[in-house]
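> Here it is, the structure in full.
The values are calculated or read from the model by the stated rules, or taken from the named source; none is laboratory data. Remember, predicted model here, so these are calculated numbers, not experimental data. Cβ: placed from backbone, ideal geometry, glycine included. Neighbour counts: every protein chain shown.
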Amino acid sequence: MDIPPSTAAPGGAAPGTLQRWLTGPRFAGLPAPAEAAPRLSFEFFPPRTEALEQQLWAAIRRLEPLRPRFVSVTYGAGGSTQERTHATVARILRETALTPAAHLTCVGASRAEVDAVARRYWEAGVRHIVALRGDPPAGQARYEPHPEGYAFAADLVAGLARVAPFEISVAAYPETHPAALSPEQDLDNLKRKIDAGATRAITQYFFDTDVFLRFLDRCLAAGITVPVVPGILPVSNFAQVRKFSAMCGASIPAWMPRLFEGLEEDPETRRMVAAVVAAEQVRLLQANGVDEFHFYTLNRADLTYAIAHLLGARPAPAG
Ligand SMILES: Cc1cc2nc3c(=O)[nH]c(=O)nc-3n(C[C@H](O)[C@H](O)[C@H](O)COP(=O)(O)OP(=O)(O)OC[C@H]3O[C@@H](n4cnc5c(N)ncnc54)[C@H](O)[C@@H]3O)c2cc1C
């Protein structure tokens, strides 16, 4: 950014308060939320217990009036939640006005088995699949495709398109998938998934806005023109996020640990800090023209609801 001559610090000295105020990023400098509500989607995971089921449904009910474009339900490692994912998706279809998307992975199943799961979704009225390769099962360091299975997500996308005319979303990695040979090959892989029939990419979470915006540029340069939707993770538990980020290749910016320092036993303050961090992130994205957001809700509504509100989302009027 150009510094106005009247406020530039003389002789390259450290900038003064006025100069910092005039040139530094701040909320007041961002535009107000757009008139048009952002396009939202919310991700949930299938609950394991009755108590978690109640927590999930409280979150779904709270977020439903924000009219997301779809809500997605994850598929546990190696298909471990196949029945629970199906039950959750089916209940969303039955009991809400929401459009569900079912996650589906390649791991540990033959093509015929995966196709059967997909067919069952289609017959139940599910029209949107988030197609993924999946991670190796716990204890197995490297991913090995099932001998009769879909090897990679691009193969699954092509297979699903043969089962039924699903809407298909796929995963994208602004900081490159950890097993990719190079950022270029990872981007080629994303392109293959789109060419095979996917019409949306949802990104792994990230915390630096620059990371996502640079990735968008690279996608466009590679000829990827479908929506690339940022995955937003409100950090309700920093210790957990740090651990998970090390595995999935999302970097933790240097400024972040300090923000959550000393809050290990203070979930309430942690949530407030998390709201500020995510609010700044999404508002910067919005100021840069991003109008579609996918939230990793972790089956809790409060942070997602507040951040969606800041983006301009409002509940549908009653009745
Ligand atoms: C939005 C989102 C939702 C997710 N939901 C789930 C879920 O519900 N359940 C779950 O288990 N996991 C989920 N994951 C995690 C995902 O399964 C892992 O990140 C997995 O390791 C990669 O899946 P993918 O679909 O991106 O794989 P792919 O696109 O197949 O890519 C996997 C890796 O293989 C490389 N690759 C691809 N094709 C080839 C090839 N032909 N030769 C060599 N290398 C190749 C890629 O560059 C990449 O490094 C999700 C991730 C995201 C971002």
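> Suppose we filter Arg258, Arg242 for residues that are within 19 Å of the chain's Cα centre (by Cα) and either over 16 Å from Pro33 (Cα atoms) or modelled with pLDDT under 95 (or both); which single one remains?
Arg242
> If you don't mind, another one. Restricting the search to region 128-146, which residues are in contact with a strand residue (DSSP E or B) (Cβ under 6 Å, 6 or more places away or on another chain) and either of a type in the set (Phe, Trp, Tyr) or away from the ligand (no atom under 12 Å from the Cβ) (or both)?
His128
> For region 196-225, which positions are away from the ligand (no atom under 14 Å from the Cβ), part of a loop (DSSP other than H, G, I, E, B) and not polar (S, T, N, Q)?
Correct list: Phe207, Asp208, Gly223.
> Let me ask you something else. Filter region 63-95 down to the residues that are more than 19 Å from the chain's Cα centre (by Cα) and more than 16 Å from the ligand (Cβ to nearest atom) and list them by number.
Scanning region 63-95 gives Pro65, Ala90, Arg91, Leu93, Arg94, Glu95.
> Would you confirm whether or not region 195-202 contains a residue that is modelled with pLDDT of 95 or more, basic (Lys, Arg) and surrounded by fewer than 20 Cβ atoms within 10 Å (Cβ to Cβ)?
Taking every residue of region 195-202 in turn, none turns out to be modelled with pLDDT of 95 or more, basic (Lys, Arg) and surrounded by fewer than 20 Cβ atoms within 10 Å (Cβ to Cβ).
> Continuing with this model, one more query. In region 260-279, which residues are in a helix (DSSP H, G or I) and either crowded, with 16+ Cβ neighbours inside 10 Å or in contact with a strand residue (DSSP E or B) (Cβ under 8 Å, 6 or more places away or on another chain) (or both)?
Selection gives Phe260, Arg270, Arg271, Val273, Ala274, Ala275, Val277, Ala278, Ala279.
> Based on this model, can you work out whether Val157 counts as surrounded by 18 or more Cβ atoms within 10 Å (Cβ to Cβ), without any contact (Cβ under 8 Å) to a residue 60 or more places away in the chain, among the β-branched types (Val, Ile, Thr) and within 24 Å of Ala246 (Cβ to Cβ)?
no
> Are any residues in region 275-319 among the basic types (Lys, Arg) and under 17 Å from the mean Cα position of the chain (by Cα), and if so, which ones?
Arg283, Arg300
> Here's something else I'd like to know. Does Thr297 fit the bill of being within 17 Å of Ser41 (Cβ to Cβ) and of a type in the set (Val, Ile, Thr)?
Answer is yes for this residue.
> Quick one: in region 177-194, which of the residues that are without any contact (Cβ under 8 Å) to a residue 24 or more places away in the chain and charged (D, E, K, R) is farthest from the ligand (Cβ to nearest atom)?
So, considering only residues that are without any contact (Cβ under 8 Å) to a residue 24 or more places away in the chain and charged (D, E, K, R), the one farthest from the ligand (Cβ to nearest atom) is Glu184.
Here's the yes/no breakdown for (1) at pLDDT 95 or above; (2) touching a helix residue (DSSP H, G or I) at 6+ places or on another chain (Cβ under 8 Å); (3) under 30 Å from His146 (Cβ atoms); (4) not in a loop (DSSP other than H, G, I, E, B):
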| residue | (1), (2), (3), (4) |
| --- | --- |
| Leu22 | no, yes, no, yes |
| Glu43 | yes, no, yes, yes |
| Ala58 | yes, no, no, yes |
| Val71 | yes, yes, yes, yes |
| Gly78 | no, no, yes, yes |
| Val89 | yes, yes, yes, yes |
| Ile92 | yes, yes, yes, yes |
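> If you don't mind, there's one more thing I want to ask. Pick out the one residue from Leu181, Leu187, Leu160 that is aliphatic (A, V, I, L, M), in contact with a helix residue (DSSP H, G or I) (Cβ under 7 Å, 6 or more places away or on another chain), at pLDDT 95 or above and under 17 Å from Cys248 (Cα atoms).
Of the residues listed, the single one that is aliphatic (A, V, I, L, M), in contact with a helix residue (DSSP H, G or I) (Cβ under 7 Å, 6 or more places away or on another chain), at pLDDT 95 or above and under 17 Å from Cys248 (Cα atoms) is Leu187.
> Being within 16 Å of the ligand (Cβ to nearest atom) and touching a residue at least 12 places away in the same chain (Cβ under 8 Å) narrows it down to one residue among Phe244, Phe238, Phe166; which is it?
Phe166
> Being more than 12 Å from the ligand (Cβ to nearest atom) and over 23 Å from the mean Cα position of the chain (by Cα): is that true of Ala124 here?
Taking the combined requirement at face value, the residue satisfies it.
> Report, by residue number, each residue of region 226-243 that is among the small types (Gly, Ala, Ser) and part of a helix (DSSP H, G or I).
Listed by number, the list holds a single entry, Ala239.
> Write out, first by first residue and then by second, each pair whose Cβ atoms fall under 6 Å of each other, whose residues are 6+ apart or on separate chains, and whose first residue, in region 59-77, is within 20 Å of Pro315 (Cβ to Cβ) while the second is basic (Lys, Arg) and within 16 Å of the ligand (Cβ to nearest atom).
Arg69/Arg39
> What are the residues in region 26-54 that are over 28 Å from Cys106 (Cα atoms), in contact (Cβ under 8 Å) with a residue 24 or more places away in the chain and either loosely packed, with under 15 Cβ neighbours inside 10 Å or within 17 Å of the chain's Cα centre (by Cα) (or both), if any?
Phe27, Leu30, Pro31, Ala34, Glu35, Ala36, Pro38, Arg39
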